[in-house]
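As structure tokens, the structure follows; a few thoughts come after it.
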Protein chains: 2
Amino acid sequence: MGHGRTLEYPKTPVNRVNRYNQRATYDLEQIHTIINTSTVVHVSFNTPDASNPFPVTLPMVGVAASFEHPSSSLGEPLDIYLHGYVSSRLMNLSRNAGQAAQDNPTTASTDGSGGETAQGLPVTISATLVDGLVLTLTPNTHDVNYRSATVFGYANLVTSLEEKLWAMEQVTNSVVRDRWRHTRVPPDGAEMQSTSILRVKVVGGSGKVRVGGPRDELKDLKRDDIRDKVWTGVIPVWECFGEPVEYKGVVQGDEKGNRVDNVPDHVREFAREMREQNEKYALAAVADTSQD
Amino acid sequence: MGHGRTLEYPKTPVNRVNRYNQRATYDLEQIHTIINTSTVVHVSFNTPDASNPFPVTLPMVGVAASFEHPSSSLGEPLDIYLHGYVSSRLMNLSRNAGQAAQDNPTTASTDGSGGETAQGLPVTISATLVDGLVLTLTPNTHDVNYRSATVFGYANLVTSLEEKLWAMEQVTNSVVRDRWRHTRVPPDGAEMQSTSILRVKVVGGSGKVRVGGPRDELKDLKRDDIRDKVWTGVIPVWECFGEPVEYKGVVQGDEKGNRVDNVPDHVREFAREMREQNEKYALAAVADTSQD
């Protein structure tokens with residue numbers, strides 16, 4: 001929509017980035033972009049079992065978007081929609097949380113154990129993109145170019161069919177741009193029934209970004225013997241999308257593949273653009289001196 | 001060392017992978033390999049603040065290794081060593097946990113809130129590598145080829161200088177193979193003092209791996225109109241390591257760069273091998289029919 005304003009998540013004791021503050025960001029657009037650029041995000045939450053002190057962390061497919069305001073830009077408040085490939089435990093906990101909210105709609109506080117609450121299941125969603133390995137004169141100053149985002153909020157199962165269908169399209173297209181309308185849609189009743197989508201109402205977040213080359217300490221830079229011996233620089237790193245591998249005709253005796261003549265543009269061009277764009281970002285990050 | 005045995009993490013309610021069990025792994029070698037292949041891992045833990053129900057998740061550099069048995073293979077029990085670039089909060093919590101252990105050495109139980117305990121700070125460490133986007137006839141059967149590992153255990157600050165120095169070398173070489181001895185080492189007293197290393201005693205873990213091509217449902221495969229229209233296949237994805245970018249001579253008016261003539265083998269060959277090996281894995285994953 002574009003209100004000409006830049007929104008930030010509020011700084012609180014929970015999300016404050018304590019170290020290297022020059023790298024910290026609370027900017028919604030930057031944080032949402034990192035999440036939507038990551039194919040997989042990590043979702044962490046606590047189980048109700050008090051004898052288990054370890055958060056559970058699951059890799060999931062997620063997208064930042066708004067069903068209430070679908071034309072929202074990445075710089076505006078958004079929910080995170082998660083698709084539950086691997087998370088039957090998470091889905092069950094969120095279902096229970098939703099039930100607790102119905103049973104006891106006035107309880108807005110948490111139970112302190114990190115388990116489900118009337119607002120939903122508290123979850124933390126993290127995404128990190130590695131952009132380069134930074135090699136300096138001594139191990140302690142070695143670093144990584146990266147973009148990292150964390151948001152936290154309350155997860156609930158999406159129950160409205162309309163919102164679920166919309167979210168499935170957002171999730172699909174967040175993995176492969178414009179894929180949804182090029183597939184057999186809409187999902188049939190059984191598919192809608194068996195698909196679980198979580199909506200996370202985000203209450204806060206933060207990000208960190210490291211760019212640039214080596215930053216050595218003066219004590220090493222002053223010593224020619226070290227600079228003569230130790231190579232410094234950056235190995236750029238990016239996620240490469242290869243040429244699409246088609247699945248055609250008879251596979252292991254069964255008719256399994258597609259019968260489309262050529263790899264369509266929405267697949268081939270997407271892979272090519274991602275490949276180029278990701279390499280371009282990694283190289284630009286090396287050359288970026290804004291944090292020097 | 002190689003005992004000719006295959007070790008697994010025990011299946012418990014905490015780590016059991018409930019869905020798609022054909023993809024689950026409890027094999028130590030596979031889980032440790034995924035962690036050591038990931039440049040960055042995600043570390044999740046709870047804060048002692050009972051009013052904060054959200055796990056904190058931080059991206060960190062980590063390596064699976066054993067100081068007590070340094071010649072251990074990846075298939076043997078290992079600790080996870082974490083380097084604290086971005087984790088002053090985590091380091092402080094672990095320091096407190098270590099103090100609690102000293103003050104009250106007989107308390108081995110957790111406090112139930114997921115905060116620090118006499119055993120250390122409970123943490124969950126996750127790593128996920130994306131190997132491909134799997135495009136099928138209908139959105140619900142779309143999938144991702146990936147390798148994912150989660151381990152959980154108790155984190156403590158490494159206090160012995162000998163173990164810390166050893167761990168710093170393991171961490172450095174886990175990011176860039178064989179880098180340590182090609183830099184200015186050992187760290188001086190101030191560097192040893194300012195560097196924090198966490199050792200996580202692992203108590204359990206699990207992994208998941210998805211390989212192969214599209215797996216469509218019969219109801220769609222039977223319909224020629226769908227197979228005529230919808231392209232199916234895999235976009236292979238891998239972490240690409242680019243040509244090293246050297247940092248030489250005078251940078252912005254200051255003598256900053258190295259004075260080494262050529263990019264040394266331990267950097268150039270490492271980047272080349274990683275690039276080739278990662279692409280090779282992604283393509284092999286597409287062709288792998290073991291989960292069909």
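The values are calculated or read from the model by the stated rules, or taken from the named source; none is laboratory data. Since the model is a prediction, treat every value here as computed from it, not as a measurement. Cβ sites come from the backbone with ideal geometry, for glycine too, and all protein chains shown count toward neighbours. Keep in mind that these areas ignore ligands, DNA and RNA; they rest on the heavy atoms of the full protein, side chains included. Shrake-Rupley method; radii C 1.70, N 1.55, O 1.52, S 1.80 Å.
A point 7 Å from Cα along Cα→Cβ stands in for A:N92, and the other copies hold the same point at 3.7 nm, listed in rising order. When accessible surface is computed with a 1.4 Å probe, chains A and B are found to bury approximately 9600 Å² between them, both chains counted. Per residue of peptide B:257-267, the mean number of Cβ atoms on other chains within 10 Å of the residue Cβ is 5.
Peptide packing for B:173-180, A:262-269 was compared via the average number of neighbouring C-beta atoms within 10 Å per residue; ordered from the highest value, the list is B:173-180, A:262-269.
The alpha-carbon of A:K256 sits under 30 angstrom from the alpha-carbons of these lysines, leaving out residues fewer than 8 places away in its chain: A:K164, A:K248, B:K208, B:K219, B:K222, B:K229, B:K280.
Think of a 1.4 Å ball rolled over the protein heavy atoms: segment A:169-233 then has 41 Å² of accessible area per residue. Each copy carries B:K248; placing its label point 7 Å along the C-beta direction from Cα gives inter-copy distances of 4.6 nm, listed from smallest up.
Residue by residue along A:216-222, Cβ atoms of other protein chains within 10 Å of the local Cβ number 3 on average. Peptides B:187-195, A:142-150, ordered by how many other C-beta atoms sit within 10 Å of their residues on average, highest first, read A:142-150, B:187-195. Charged side chains reduced to their Cβ positions (Lys and Arg at +1, Asp and Glu at -1) give segment A:166-292 a dipole of some 400 debye around its Cα centre. Label point of A:A287 (7 Å along Cα→beta-carbon): distances to the other copies' equivalent points are 3.7 nm, sorted ascending.
On the principal axes of its alpha-carbon atoms, segment B:176-272 has extents of 69, 42, 25 Å, going from largest to smallest.
Once C-alpha pairs closer than 8 Å and six or more residues apart are averaged by separation and normalised to the residue number of segment B:30-69, the relative contact order reads 43 percent. Mean partner shielding of peptide B:136-148, defined as the number of other chain Cβ atoms within 10 Å of each residue Cβ, is 6.
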